[in-house]
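One structure below.
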Amino acid sequence: MAQEVPANYNFETFEDGKPVGWHVDGESVFIPIQDFEVFKEGKSAFRLEMPETDEVNPMFVVSKILPAYKGKKLVLSGHIKTDGDNFQMTPIIRIDPNIDFVTLPENVKGTTDWKKYELTVELKPEQTKQLVLGIYMLGKGTIWLDDFKVTIDGKDVSTAEIFKFPAVEDHAFDKGSDVVFPPLDANQMDNLALLGRVWGFLKYHHPAIAEGKYNWDYELFRFLPQYFQVTSSKQRDALLLQWIEQLGMVKLCDTCAATSKEAVLKPNLNWMDTYQLSDELRHKIAYIYANRTQEEQYYVAKGSYQNAVFPNELSYEEMEFPDAGFRLVSLYRLWNIMQYYMPNRHITDRDWEEVLRAHIQSFIEAKDRLAYELATVQLIADINDTHADLWEGGKALAQHRGEHYVPFRVEFIENQLVVTDIYNPELLKDIQIERGDRLTHINRRSIEQILDSISPFHPASNRSAQLRDISLFNILRTNENQVHLVYLDKNNKEKKAVIPMFPKSELKSYGWFKSVPDEPSYRFLEDTVGYVTLGNIQDSDAQKIKEAFRHTKGIVIDIRNYPTAFMPFALGSYFVDQPTPFVKFTAVNYGNPGEFVFLDPYIIEPDEQPYQGKVVVIVDERTQSSAEYTTMAFRAGRNVTVIGSQTAGADGNVSQVVLPGGLGTFISALGVYYPNGEPTQRIGIVPDIEVKRTIKGVREQRDELLEKAIELIKK
């Protein structure tokens, strides 16, 4: 049956000055108008007019969201007219989540008369959450849109059918799992740990689940009540076997290959031995593994950058406090995603095989939303990944931690909690606290006691990154209006103070690093030494930097920040004199979940005129992800030295994971290695020369790392 789709592709219907059925972003800089004088067909067109503005490159987006349609090919066409000298535009089609993105080969620039534009995208309804049609516009000018059309396989979109998996039609437990958990003894905990493994194994291997025939969360709720009744391993295995057989026959697979001998990480089915499964159940699981699905899966897909995406996981965000059944789904889901689709499960502090059972009790027995969020963030912490934290839905945890902050910055330096900046001196009145002062107690608790209690709730790849986040965001945070401090001043004299606390909105605070909006990304430190910061670099700066610093003795590149433009190749090419590999990734084999293999190394091609001077790259715990990747690229240069301290140890594209109750996290989804196979995850970038900030340097407001970089260049 054809599904009714909001029309108005011809921009004839408007409400409140905006076209019905279209979403408009950027109204603060653009004026949307229904134009009855300039149009291509019908009676009107949609005009977007740019008034005078102080913004350098104002952006405007017009978009329409469509569902996943059945079919093979979608074509978007439309007539567009533009007017303006400093202006560019392009239509786009995006398939979410991270399935595809198509646009014109080149942006439309300047003034153009009415012209028909057309984009085509191959549909993948089994993986698609939504389709986004849009027009991106950048700069100052006027644009007209009219006579748009969407066809699927040559037919108008109004006749198309929306694709739906059978799993989507299962609404049996939309309002709750109805699962009542008995008191858990050790045997039942073991059984639930085994069930989580079987549930996850079937989810990613059984063809019927891969085809979207089952809402696998809800099938767990159907199975649990009878599973609680088993009293022996024999009953347990017989029930699990019966459950599996209800899913239907699994056909023989001609293309299912054994794990590659070159695999960096292999699937682990040793749990069948750990739980001493019956021969019949063991053979059934082994058969499914040998004949596992090789097609695209309902619950997982390959993202644009080889990272796994999970398009059909539900967040059940309408549940303020998910019941115990849904909380168990949360644990099972995240643990199994790590087990099969994350490249770093083998380097966690706690053996990942032990993590599932260790967290069952805290998830099931959580008494309220806060307890559930705390259980989740502790599970995330066991991943040991600085990319991972409770990034979505942690409202109760945020309220628990507090909304008031001190008007100064503290960081761990020389293993002490040190005041490094004063955000708002005027808010401290007569309180004498200065840069370099060392905190020993907060509200009568020692810093060591506080760290011991809160560290398990702060996910990170390594201690450097963990202390970074604790000090900057949480250790001096409360719902109270003041905090009692004990600290040592520059003369090592103990002092006490009651510090007023303020909402963050009232403070001139900043995150990992402080950036000055109008500060250039490059400048001369001395006549023969150039300086580049990636914290506010633009794409166009790369060539300017090369020209400005070509004849210098050396360049200092500061990556104690997060790059605002992608520089590994644009600037990295300046430092190599021959094609040079600098990184290689491991990615999951989607035909064999849990197996990770190396991809071909990435290579930097040299410029025609490579740089001849010295390059010193500065890093520290603020250097994370893209910043670490960029450092690896620059390090491939022939005369490059990296100085500083351990970086955050979280690199590679991320995968998003949503959990019941609207919770969500991101996880490093590619293994990142140097070309020689040396890993970087958790380790970070190891500097050639270790240089750390000192308390003395903080007091004197010196940048000791920059001083060392200049010294190395001038030697």
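Here are some notes:
- Stretchable slack from Ile603 to Asn424, in nm (0.36 nm times residue separation minus alpha-carbon distance): 59.8 nm
- If you take the Cα centroid of segment 399-435 and the Cα centroid of segment 252-310, the two points sit 51 Å apart.
- Remark: the Glu704-Glu690 segment gains 3.9 nm on full extension, using 0.36 nm per residue and subtracting the alpha carbon distance.
- In summary, the convex hull built on the alpha carbon positions of segment 447-570 has an orientation-averaged projected area of 11.9 nm².
- Residues Gln416 and Lys395, FRET efficiency given R0 of 51 Å [Cβ-Cβ distance, rounded to 0.05]: 0.95
- Across segment 293-304, computed HN-Hα scalar couplings (Karplus, 6.51 cos²θ - 1.76 cosθ + 1.60, θ = phi - 60°) run 4, 10, 8, 5, 9, 5, 9, 8, 8, 7, x, 5 Hz from first to last residue, x flagging Gly and Pro.
- Lys614 - accessible surface, heavy atoms, 1.4 Å probe, Å² rounded to 10: 60 Å²
- Pair Tyr305, Glu37: separation of 7 Å Cα→Cβ label points (nm): 4.7 nm
- The candidates His79, His206, arranged from most to least accessible area with a 1.4 Å probe in the full protein assembly, appear as His79, His206.
- Most to least accessible of Tyr214, Tyr136 (protein chains only, probe 1.4 Å): Tyr136, Tyr214
- Rg/Rh (Cα only; Kirkwood hydrodynamic radius) as it applies to the chain: 0.99
- Of the solvent-accessible surface of segment 271-312, computed with a 1.4 Å probe over protein heavy atoms with every protein chain present, carbon and sulfur atoms account for 43 percent.
- Computed from label points 7 Å out along Cα-Cβ, the spacing between Ser158 and Asn86 is 4.3 nm.
- Listed pairs Lys72/Lys149; Lys514/Lys715; Lys546/Lys584; Lys495/Lys696; Lys367/Lys504; Lys164/Lys203 exceeding 23 Å between Cα atoms: Lys514/Lys715; Lys546/Lys584; Lys367/Lys504
- Unit Cα scatterers, Debye sum, segment 199-267: log10 I(q)/I(0) for q = 0.17, 0.19, 0.25 Å⁻¹: -0.78, -0.90, -1.16
- Per-peptide average of other Cβ atoms within 10 Å, ordering 651-659, 680-688 highest first: 651-659, 680-688
- At most 12 other Cβ within 10 Å, DSSP loop - GluC sites (Glu not before Pro), segment 589-646: Glu608
- Using the rule -39500 (n - 2.57) for each DSSP H run of four or more residues, divided by the residues of the chain, the 222 nm mean residue ellipticity is -7000 deg cm²/dmol.
- Kirkwood radius, segment 158-208, all distinct C-alpha pairs, inverse of mean reciprocal distance: 14.6 Å.
- Surrounding net charge for Trp22, when Lys and Arg each add one and Asp and Glu each subtract one, Cβ distance under 11 Å: 0
- Exposure rank, largest accessible area first [Leu119, Leu252; 1.4 Å]: Leu252, Leu119
- Nearest-0.05 FRET efficiency for Gln130 and Glu262, computed from C-beta distance (R0 45 Å): 0.75
- Radius, Kirkwood style, for segment 590-677 when every pair of distinct Cα atoms is counted (Å): 15.8 Å
- Mean sequence separation of contacting Cα pairs (under 8 Å, at least six apart), scaled by the length of the chain, corresponds to a relative contact order of 11 percent.
- Mean-position separation - Cα centroids, segment 103-165 and segment 610-632, in angstrom: 39 Å
- Beta bridges per DSSP with both ends in the chain, % antiparallel, nearest 5: 85 percent
- Length released on extending from Tyr117 to Thr274, taking residue separation times 0.36 nm less the Cα-Cα span: 50.5 nm
- Charge context of Ala565, other residues only, Cβ under 11 angstrom, K/R +1, D/E -1: -2
- Applying 1/(1 + (r/R0)^6) with R0 = 35 Å to the Cβ-Cβ distance of Gln432 and Arg463 gives a FRET efficiency near 0.65.
- Considering only segment 521-619, percent of DSSP beta bridges that pair antiparallel, nearest 5: 50 percent
- Positive minus negative residues near Asn336 (Lys, Arg vs Asp, Glu; Cβ under 13 Å): +1
- Nearest-10 value in Å² for the accessible area of Asp703, using the 1.4 Å probe: 60 Å²
The values are calculated or read from the model by the stated rules, or taken from the named source; none is laboratory data. Keep in mind that this is a model prediction, so the values were computed, not measured. Please note: Cβ atoms are built from the backbone with ideal geometry, for glycine as well, and neighbour counts cover all protein chains shown. Surface areas here come from the heavy atoms of the whole protein model, side chains and all, with no ligands, DNA or RNA. Shrake-Rupley method; radii C 1.70, N 1.55, O 1.52, S 1.80 Å.
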